[in-house]
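Visitor: Structure below; questions to follow.
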Amino acid sequence: MEPGLLLLVLDLAGTFVFALSGATAGVRRRLDLFGVLVLSFVAANSGGIARDLLIGAVPPSAIRDWRYLAASLLAGTVTFLWAPWIERLRNPVRLFDAAGLALFAVVGASKALAFGLHPVMAALLGMLSGIGGGIVRDVLLAEVPLVLRADLYAVAALAGATVVVVGEWAALPPMAAMCAGAVLCFVLRACAIRYGWGLPVAGRWDPIGQPPARKPDAEA
Amino acid sequence: MEPGLLLLVLDLAGTFVFALSGATAGVRRRLDLFGVLVLSFVAANSGGIARDLLIGAVPPSAIRDWRYLAASLLAGTVTFLWAPWIERLRNPVRLFDAAGLALFAVVGASKALAFGLHPVMAALLGMLSGIGGGIVRDVLLAEVPLVLRADLYAVAALAGATVVVVGEWAALPPMAAMCAGAVLCFVLRACAIRYGWGLPVAGRWDPIGQPPARKPDAEA
Amino acid sequence: MEPGLLLLVLDLAGTFVFALSGATAGVRRRLDLFGVLVLSFVAANSGGIARDLLIGAVPPSAIRDWRYLAASLLAGTVTFLWAPWIERLRNPVRLFDAAGLALFAVVGASKALAFGLHPVMAALLGMLSGIGGGIVRDVLLAEVPLVLRADLYAVAALAGATVVVVGEWAALPPMAAMCAGAVLCFVLRACAIRYGWGLPVAGRWDPIGQPPARKPDAEA
């Protein structure tokens, strides 16, 4: 399999699992079929679209290439029809989501580097590719984005993207760096799910303050 | 009247009625004058701005051409001054809104085709032109966008935009296809208002579950 | 100091104070460290990024130039570590925020003019540069943007940006116009804070209606 084709397949697989997470959130909020399909597409493609707009790659891949749309709509339809069944698969879906995050982060960083961005920014745009979809999904549902308040999610994406950027700087073979970055991101995220790893919250130790914003149950 | 001028007039008319819907929502939430004007502009122009950013037509028409701004501000000011009177016109305004949706959908699809997008994407961008403003309006008001949860709104826009795309493929005269698409969208939307047509919601038949998200009264 | 360098320094100072406002809002909502840093960056740079996307200046400065990121992250880290101390500085921070607003408005209008936009649109894009960050900050926190419902905030930015546009039209020296605009914006905003100036809200005088949306305490 040539690298370009492999990248595309991984990208579409990531799109599919992210779309599952968006559709699941939509079904839970009892959106209609159209709303569920929109959330599928948005959760799967907003990160990449934002990245492409920011680096000047218009029209964004998700708009130019119908396969991203097809993967999103397929995931949305599947979820709409068999939502209770997908719900029961919560843990597998979270692992798939971690895989999608890993793929998007390394592919996004790689694309930003190819467009000549500063390495630090390329790493951040890789992270944005991974987390952007979930942010827009939550904004559309009028919730504070989960990624801003829970777990080691964005940091895992940033770590994976950073490996790609460092690999480029060290002139490693791109595919090796991408694989290493994706594995690092996936392992970090899987450990965060398994062991409840999170980042610190700024200390306000008043016991009668507002309750913490973290809602572990809201996770897709 | 030449086609270009006709398109502009229709586009400005659609802008005006969409701005009415945004301003009405702002007045209801007791925003100040500036907030109402911003919601007018946003509700009327976000869909077109998003479409233009995605197809690479920068600066977007709504930014380059002051007439879209003028139409939006006029509608916002009218609503701000005579809000109770506009409220009483709810049903006419909903029909105007359906007309705006029809116009934006066919104009948007036509513009996306002119920028060389894949036909499927052109139809979706036509739909986005029609529904994008309402989505941003609701996000700014911290609500789940109405279009994701109620009625046959986006589907009507998609149907109208699809007619334009199919017309282009069948080499029909563009104006004929646009008229047919606009009429189809308007009729679908008017029927959805009149008969309460909607899309299915994923089945969860537990009677004590959370109440459905659909709020027909929240419609502009 | 040459004008370009002065502009950069002012721009970075504005970025820093806006990032403080974003980070403060994030700490209040008990986001984790990453969420606080994201809100810092978003509050400081969304306005400029939106402006740059709209005028076609991609990649936006905030993405191309690592110093905007550095200023944002520095402000976010400072706030995260010493949040209660920053809270106590509420009034100084509000004045800094007014200074940031003034700087962003005049710099934004100036940049839009340089990209050949219509003067009215350049003034509005200057305003957007100033208020965009706060809008995205509030949307991410699932709140109705403060700027839409309180005080003379956006109008102050618009006034400052208008001075720059009129100065360009009258062929005044750019730096003089920018200074005058920034001073006007700052003074208007400071007076609004001091004397509670605001814009009218559309009249609905029913005493048992919904409470006004204005929440003075939510201000950064």
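The values are calculated or read from the model by the stated rules, or taken from the named source; none is laboratory data. None of the values given here were measured: they were computed from a predicted structure. Backbone-built Cβ (ideal geometry, glycine too); neighbour counts: all protein chains shown.
Table: residues versus (1) more than 30 Å from B:GLY56 (Cα to Cα); (2) surrounded by 24 or more Cβ atoms within 10 Å (Cβ to Cβ); (3) modelled with pLDDT of 85 or more.
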site: C:MET1; (1), (2), (3): yes, no, no
site: C:ALA23; (1), (2), (3): yes, yes, yes
site: C:LEU33; (1), (2), (3): yes, no, yes
site: C:THR79; (1), (2), (3): yes, yes, yes
site: C:ARG90; (1), (2), (3): yes, no, no
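Visitor: Exactly one condition in (1) closer than 20 Å to A:LEU53 by Cβ; (2) surrounded by fewer than 24 Cβ atoms within 10 Å (Cβ to Cβ) is not met by C:ARG51; state its number.
Guide: (2)
Visitor: Looking at segment B:31-54, can you tell me whether even one residue there is out of contact with any helix residue (DSSP H, G or I) (no Cβ under 9 Å at 6 or more places or on another chain) and either in contact (Cβ under 8 Å) with a residue 60 or more places away in the chain or not aromatic (Phe, Trp, Tyr) (or both)?
Guide: no
Visitor: Hey, any hits in segment A:7-15 for a residue that's within 20 Å of A:LEU141 (Cβ to Cβ) and surrounded by 22 or more Cβ atoms within 10 Å (Cβ to Cβ)?
Guide: There is at least one residue in segment A:7-15 that is within 20 Å of A:LEU141 (Cβ to Cβ) and surrounded by 22 or more Cβ atoms within 10 Å (Cβ to Cβ).
Visitor: Then there is this: Looking at (1) closer than 23 Å to B:GLY35 by Cβ; (2) within 9 Å of chain B (Cβ to nearest Cβ); (3) touching a residue at least 12 places away in the same chain (Cβ under 8 Å), find the lone condition where C:MET121 falls short.
Guide: The failed condition is (3).
Visitor: Looking for whichever is crowded, with 24+ Cβ neighbours inside 10 Å, more than 10 Å from chain C (Cβ to nearest Cβ) and out of contact with any Asp or Glu (no Cβ under 6 Å at 6 or more places or on another chain) here; the options are B:SER46, B:SER61. Which one fits?
Guide: B:SER46
Visitor: While we're on this one: Kindly list, by first and then second residue, each pair from a residue in segment B:188-202 that is within 18 Å of B:MET127 (Cβ to Cβ) and within 12 Å of another protein chain (Cβ to nearest Cβ) to a residue that is surrounded by 14 or more Cβ atoms within 10 Å (Cβ to Cβ) and of a type in the set (Ser, Thr, Tyr), limited to pairs with Cβ atoms under 8 Å and residues at least 6 apart or on different chains.
Guide: B:ALA192/B:TYR153
Visitor: If you check B:LEU69 against the conditions, is it aliphatic (A, V, I, L, M), without any contact (Cβ under 8 Å) to a residue 24 or more places away in the chain and at the interface with chain C (Cβ under 8 Å from one of its Cβ atoms)?
Guide: It is false that B:LEU69 is aliphatic (A, V, I, L, M), without any contact (Cβ under 8 Å) to a residue 24 or more places away in the chain and at the interface with chain C (Cβ under 8 Å from one of its Cβ atoms).
Visitor: Also, quick follow-up: When you look at A:ALA109, is it surrounded by fewer than 23 Cβ atoms within 10 Å (Cβ to Cβ) and either among the polar types (S, T, N, Q) or in contact with a helix residue (DSSP H, G or I) (Cβ under 7 Å, 6 or more places away or on another chain) (or both), yes or no?
Guide: no
Visitor: What number of residues within segment A:1-43 satisfy the criterion of being on the phi < 0 side of the Ramachandran plot, within 14 Å of chain B (Cβ to nearest Cβ) and not in a helix (DSSP H, G or I)?
Guide: Residues meeting the conditions: 3.
Visitor: Further question: Here is a check on your reading of the model: is A:VAL139 at the interface with another protein chain (Cβ under 10 Å from one of its Cβ atoms), closer than 22 Å to A:SER72 by Cα and modelled with pLDDT of 90 or more?
Guide: Yes.
Visitor: Oh, and also: Being within 9 Å of chain C (Cβ to nearest Cβ), farther than 18 Å from B:GLY134 by Cα and in contact (Cβ under 8 Å) with a residue 12 or more places away in the chain is the filter here; which residues of segment B:72-108 pass it?
Guide: The answer is B:PHE80, B:ALA83.
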